[in-house]
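Undergrad: Once you've had a glance at the structure underneath, I'll fire off some questions.
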Amino acid sequence: MTVERISILEYKRIVLGVTGSIAAYKAADFASKLTQAGADVDVILTEAATRFVTALTFEAVTGRAVYTDLWRTAGGESLPTHVAHVGLAEGADLILIAPATAQHIAKLAHGFADDLLCITALAAKCPILIAPAMDGSMYESAAVAANVARLRELGMEVIEPEVGRMASGMVGRGRLPEVWTLLGAVRRALGREWGALHDRHIVVTAGGTREALDPVRFITNRSSGKQGYAIAQTALDSGAHVTLIATPNELPVPYGVELVLVESAQEMLEAVLTYSAEADALIMAAAVADYRPEETAEHKLKKTGKALQLTLVPTVDILATVGERRLQTGRPHVLVGFAAETRDLLKNARSKLEKKHADYIVANDVSQPGAGFGADTNIVTILSADGSAISLPQQTKSAVAEAIIQRVAARLQTVPRRHEPDEC
Ligand code: CTP
């Protein structure tokens, strides 16, 4: 599977340290995905790693020289020492060691400097991420746990290994996380360094709400949640703390997001009111039901063979409620809504912008192919409270998310961060 370019990774220099674990083969796929996403990946293989994987594999997927010892690349060129260790550390935007063995975790926790990877980590000023991989009983040992705690004290981020089947055949916590998790961890760490939204709290809603008829049936809509999830991921890439209030779906959860699962419009309302009270921005990408059954049957409704009449009553408009509250509290600073329309797109969207006191409405004609529910692309016009409207061509939901987050970040530029003193 190929990966699309990811803005936060483009032209970033990532040093990928690979140590001697059976999971080293997964690091080749990860190096490939990072490269496809736009990063320049410098791989350091420890001596033990070269017993599991070859430098040639990594050279082929990254298109760059691979480092295997202090003085030489795998290609055999000898390197000036400052290039080989200090140079790698100085040029790196991020170092990720994946997989990290118990041996290297111990060495890094105690400042050892006896191989290129340890020296590079010691010399680096950029964020360092460690993804341990080993047998579950080793990972749970007191010594490894103490070393992992020490790495965290030293400011390194440890990506928790996953629970699953190990090479030994045993099941435990020690598996190297999947590529998407590692990629997510790298994105979040870079976002915190470089993103326009670091120290900001962004709340995003996603998916169609479910309004229960009885314990086994509900009324819902065609929303897939994809656009909301793409916005949450882009906000993470920009360094924000992101709360994603979503209805159940099959989408991968973005790494580092605070996920709050809800079902009904009422549950979403309560979660949004709680989480957005102190937030910097709320982006309502969810398709909230406008009506719910007046009554939810306690037991499964049985068929009678006759017509069934349902009485539907209106739900609360979440965006409008937050818009009203904001007039008093000033929070959230930025309010973004969507308008899903099948006709009179701009007229309906403009009226929603005003009625709901939003700063932006992202309008899409959900009847167009390549737009709206379930699609991987979207065609939107972003209407602003200042009267402007920008129509974007058909593009991926990630690209639409970037356009939205850029506007949110621009608006927040003049708003002090919580721990910054107000300018006087
Ligand atoms: N919305 C909401 N609460 C509701 C209904 C909608 O917060 N009960 C939000 C949506 O999340 C979206 C915006 O309001 O950001 C517009 O939703 P949309 O379904 O397009 O419009 P409605 O306000 O429901 O109006 P209509 O159904 O008449 O188009």
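Undergrad: Which order do the peptides 334-343, 408-417 come out in when sorted by mean C-beta neighbours inside 10 angstrom, highest first?
TA: Peptide ranking by packing, descending: 334-343, 408-417.
Undergrad: Can you say what percent of the DSSP beta bridges in the range 197-412, counting only those with both residues inside, are antiparallel? Round to 5.
TA: DSSP beta bridges in the range 197-412 are roughly 40 percent antiparallel.
Undergrad: While we're here: State, as an integer percentage, the relative contact order of the chain based on alpha-carbon contacts under 8 Å between residues 6 or more apart.
TA: With pairs under 8 Å counted, the relative contact order is 10 percent.
Undergrad: Among bridges DSSP assigns within the chain, what percent are antiparallel (round to 5)?
TA: 35
Undergrad: Treating cross-link reach as a plain straight distance, find the aspartates and glutamates whose alpha-carbon is under 17 Å from the alpha-carbon of K347, omitting any fewer than eight places away in the same chain.
TA: Correct list for K347: D359, D365, D386.
Undergrad: Length gain on complete extension for the stretch A389 to L259, per 0.36 nm per residue less the alpha carbon to alpha carbon distance?
TA: 43.7 nm
Undergrad: Using a 1.4 Å probe on the protein chains only, how many percent of the accessible area of the range 51-184 belongs to carbon and sulfur?
TA: That fraction is 57 percent.
Undergrad: Also, I was wondering about something else. Which percentage, to the nearest 5, of the DSSP beta bridges contained in the range 7-189 is antiparallel?
TA: Just about 25 percent of them are antiparallel.
Undergrad: In whole angstrom, how far apart do the alpha carbon centroids of the range 183-211 and the range 333-347 sit?
TA: 22
Undergrad: Would you list, by chain and number, the aspartates and glutamates whose Cα falls below 14 Å from the Cα of K300, excluding same-chain residues fewer than 8 positions away?
TA: Result set, ordered by chain and number: D214.
Undergrad: Assuming a ≥ b ≥ c are the square roots of the Cα gyration tensor eigenvalues, decide whether the range 7-189 counts as rounded (a/c under 1.5), prolate (otherwise, with a/b larger than b/c) or oblate.
TA: Rounded, because the longest to shortest axis ratio a/c is under 1.5.
Undergrad: Using the reciprocal of the averaged 1/r over all distinct C-alpha pairs, how large is the Kirkwood radius of the range 197-412 in Å?
TA: Roughly 17.6 Å, rounded to one decimal.
The values are calculated or read from the model by the stated rules, or taken from the named source; none is laboratory data. The shown structure was predicted, so the numbers you read here are calculated from the model rather than taken from an experiment. Don't worry about glycine lacking a Cβ; one is built from the backbone with ideal geometry, like all the others, and counts go over all protein chains shown. To get the accessible areas, we keep the full protein, side chains included, count just its heavy atoms, and leave off ligands, DNA and RNA. Shrake-Rupley method; radii C 1.70, N 1.55, O 1.52, S 1.80 Å.
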